[in-house]
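K.L.:
After the structure tokens below, expect a handful of questions from me.
The values are calculated or read from the model by the stated rules, or taken from the named source; none is laboratory data. Keep in mind that what you see is a predicted model, and the values were worked out from it rather than measured. Ideal geometry is used to build each Cβ from the backbone, glycine not excepted, and the neighbour counts take in all protein chains shown. Please note that ligands, DNA and RNA were not included when accessible areas were found on the heavy atoms of the full protein model with its side chains. Shrake-Rupley method; radii C 1.70, N 1.55, O 1.52, S 1.80 Å.
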Amino acid sequence: MLQNPVVDLNKLVRIRFADGEELFVRIFENTPVQSADEFPVNKDAPLGKVLLGHTKGDQIEYRVRNNTYKVTILEIYSES
């Protein structure tokens with residue numbers, strides 16, 4: 001049985017916020033990969049912490065200061 005890929009360090013992930021905005025993000029540990037097509041997210045940042053370990057289709061809420069954000073994982077891309 002195939003397992004769904006999980007969000008992990010350096011994997012490219014497409015997410016959608018509750019307002020409809022979609023982003024490609026890559027969670028990094030030390031030095032972000034620079035790309036015009038993706039948004040680097042540190043693993044210790046609030047978004048990085050909540051995405052790690054989740055799978056496609058998961059809906060996650062996280063807080064930054066007094067704001068709550070909702071994000072859905074649309075796709076997790078395998079490393080090429």
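K.L.:
Give the residues of the stretch 40-80 that are part of a loop (DSSP other than H, G, I, E, B), touching a residue at least 60 places away in the same chain (Cβ under 8 Å) and not polar (S, T, N, Q), sorted by residue number.
P.N.:
Across the stretch 40-80, the qualifying residue is only Glu79.
K.L.:
What residue, among those in the stretch 23-39 that are outside any loop (DSSP other than H, G, I, E, B) and open to solvent by 50 Å² or more (accessible area, probe 1.4 Å), is modelled with the highest pLDDT?
P.N.:
This residue is Phe24.
K.L.:
When residues of the stretch 9-22 are filtered for being at pLDDT 95 or above and either assigned to a strand (DSSP E or B) or open to solvent by less than 80 Å² (accessible area, probe 1.4 Å) (or both), how many remain?
P.N.:
Residues that pass the stated criteria total 7.
K.L.:
Does the stretch 53-70 contain at least one residue that is surrounded by 12 or more Cβ atoms within 10 Å (Cβ to Cβ), hydrophobic (A, V, I, L, M, F, W, C) and out of contact with any helix residue (DSSP H, G or I) (no Cβ under 8 Å at 6 or more places or on another chain)?
P.N.:
no
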